[in-house]
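The values are calculated or read from the model by the stated rules, or taken from the named source; none is laboratory data. This is a predicted model, so every value here is computed, not measured. Methodologically, a virtual Cβ is constructed for each residue, glycine included, from the backbone with ideal geometry; neighbour enumeration extends over all protein chains shown.
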């Protein structure tokens, strides 16, 4: 005992307060043993101090709105007695911290969202709290929410609508994250070389197919404000993907979204019969390297995404993207070369969504099931080559194939002339441009200039909101503004694993400190839609629709100015304490 | 677009240098240079090779420093912002279109002129020591700067306070293409713009007897470059101060190093 105590002292470089007091108490104990008990009781308590937290977010180069939101939220929280720091991390590092390592207090960022509300299944189901990716980065676990999420998967039609409403209401009340707004998506496009912009959503593959090229086979030039596309084209690398548009163009999936509905794509057809999905593939499809695409590749894809180690490791290591999609599939059987049977535990709607994952070539990805290795470094268990590879050059089967890239300059795709959409008798939008050159241009202002000066045909990512008024006011000849609906949303996410964010009452008060309407005006210049629930407009139930204020967590204050007295009362009602100097005190 | 900007830059800076040679260097020194240029080139050749090596390494390893810095993950942005707070906002509150135009011009054209002109001017001196010191100091700036960039992650004001700053890129988006070739956005501590400009200013003071006019011009340009980096929202005050310190260290070190080794002494000396 004596030895271990001195060992502690040596490590900490001197006797700690506790050991000093203990030693002093020991001396006194001869005289007064009751006093020692009091000392023990007084000393063995955790300190109370001001609540301090760090908001993790992106620098303005990556996401201008997030840093502005983070700073506004910071000043509100500081006003109510919380000490707040902001940590900016690059796009990749932000996602690595938040989504892979869950190393954050709260974060402000954009979720890619989805047309179907089933994305909430992987986003907040407790089953995914341990996994990397957009699946439950919050570490949220609530039995009621779990049950409701499972319920909405199993039903269809009106029944599903009701189930989804239940999910959304419960999530809004529990507030694992605070939805802020969905930014309006505006893009700038030249119409003298290409027409048909915006017929399909520009974040999906169809946005780049079926365009009317004035000069057939010409190169489509996109000005892309995110350099990550030129560095990595791995469909599973969550750090590098936003919407995954390029992945959709390079890879095929069995289904594709057309006007919010899942329609056959690589699948010729499917039938759904009480938990069994029978899929027929298009015949004679090949990957870009000439290898035939068969039902085996499809089956491999689903098995691989469910466990990227393919059973080689002590425990499964599922994909950080498409997690909810593949979780819907229980079993997959290859019937013939071009026919498969998927057993699902879900209703038809969720099963169709499960068909939208990119089909990976088995001959390329099988060897990526091995553990990644860096000489001299011990990597996290379950880190496979599949999640860390940059996947260049890409071998997919999609309408465009990888041609060339230069990091932070461009990535160029070439039309894949053997793609099934180019066949006669296939009535689907086809690749009309001979090639797509995605040039990297890190700011909206210079991307706009490239389009205006005919050096680019389109700004492929939505314009930052501060330039939207300028382009809406005037554009050059043959330049049009394309507006598209948005389902990606800005939000404030809590790390529910850490106190005091573990406490739903605390989160609910913070939710009431976020003034969405005002943030939309001040940060987005009004070019966003304040939201109280993270799903697309069509899925938003009446109870959660924005009606001038948040129907669940109305702002404690007015016009961005927080009512500090009301906020303090709310925190105190939730069991938190304030010091005389107005700081919020918590046990550390 | 990049080519167009580069061409414009080359033409403007060349004209500035021609003008500077006429005013600052003078005909007598040019005549001497025509006679002695061989020995001067020989004197400057070793350190020029070193500088070329450092620059080459820099251009190849720029992305490396970015990745290494994120591996080290020592993020100084918040401490810097917390320490100096709103100075940049205060500075920008005095922004006028003319000031923006002036400082944008200084940041791009003035800076390149400030770095290139002394190479020409010192080449025209029969004493080659200033030229060798300048080249050594440039090499030291880049080498030490790279080491700092590879250990520290720091974003500039325009990334933290985008609502008011980023004047350069929003007013003149074409320069984005130019500076993007040279900088990664996490490399703001220290300000290499400031350190190189201050290096030239310090050395101009040392050579004030040979080039009294240049001493004044370099001081004005050096101060303008330092202010421009802050005014345009690219650097924090702390980056600029660190840049000046880096310049001072480089100049002092260059003074010690130059003349210590020469090719002649390496060959055994005579």
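A few notes on this one:
- Selected residue [touching a residue at least 12 places away in the same chain (Cβ under 8 Å) and more than 30 Å from residue A:515 (Cα to Cα)] from A:155, A:178, A:145: A:155
- If the condition is being surrounded by fewer than 21 Cβ atoms within 10 Å (Cβ to Cβ) and within 14 Å of another protein chain (Cβ to nearest Cβ), then segment A:419-442 contributes A:439, A:442.
- In segment A:57-71, residue farthest from residue A:177 (Cα to Cα) [restricted to those that are touching a helix residue (DSSP H, G or I) at 6+ places or on another chain (Cβ under 6 Å) and within 11 Å of chain B (Cβ to nearest Cβ)]: A:61
- One residue from A:350, A:407, A:387, A:377 being within 14 Å of another protein chain (Cβ to nearest Cβ) and touching a residue at least 40 places away in the same chain (Cβ under 8 Å): A:407
- Test: residue B:60 is within 14 Å of chain A (Cβ to nearest Cβ) and either surrounded by fewer than 12 Cβ atoms within 10 Å (Cβ to Cβ) or in a helix (DSSP H, G or I) (or both): yes
- Breaking point among (1) touching a strand residue (DSSP E or B) at 6+ places or on another chain (Cβ under 9 Å); (2) without any contact (Cβ under 8 Å) to a residue 12 or more places away in the chain, for residue A:286: (2)
- Residue B:6 being away from chain A (no Cβ under 14 Å) and in contact with a helix residue (DSSP H, G or I) (Cβ under 9 Å, 6 or more places away or on another chain): yes
- Where helices (runs of 4 or more DSSP H) sit wholly within segment B:76-170, those with at least 3 residues that are more than 14 Å from chain A (Cβ to nearest Cβ) occupy B:87-92, B:97-105, B:111-123, B:129-151.
- Number of positions in segment B:70-83 that are surrounded by fewer than 16 Cβ atoms within 10 Å (Cβ to Cβ), in contact (Cβ under 8 Å) with a residue 12 or more places away in the chain and more than 16 Å from residue A:84 (Cα to Cα): 3
- Residues considered: A:425, A:476. Of these, the only one that is within 24 Å of residue A:263 (Cα to Cα) and at pLDDT below 90 is A:425.
- The numbered conditions (1) within 25 Å of residue A:444 (Cβ to Cβ); (2) assigned by TED's automatic domain parsing to the domain that holds residue A:530 are all true for residue A:478 except (2).
- The residues in segment A:75-104 that are under 23 Å from residue B:69 (Cβ atoms) and either free of Cβ contacts under 8 Å to residues at least 12 places away in the same chain or within 14 Å of chain B (Cβ to nearest Cβ) (or both) can be counted, and the count is 17.
- Checked against (1) loosely packed, with under 11 Cβ neighbours inside 10 Å; (2) at pLDDT 90 or above, residue B:90 passes all but a single condition, namely (2).
- Counting only residues that are buried (at least 24 other Cβ atoms within 10 Å of the Cβ) and assigned to a loop (DSSP other than H, G, I, E, B), segment A:177-202 holds 0 of them.
- Look at (1) touching a strand residue (DSSP E or B) at 6+ places or on another chain (Cβ under 9 Å); (2) within 30 Å of residue A:153 (Cα to Cα) and you find that residue A:368 fails only one, number (2).
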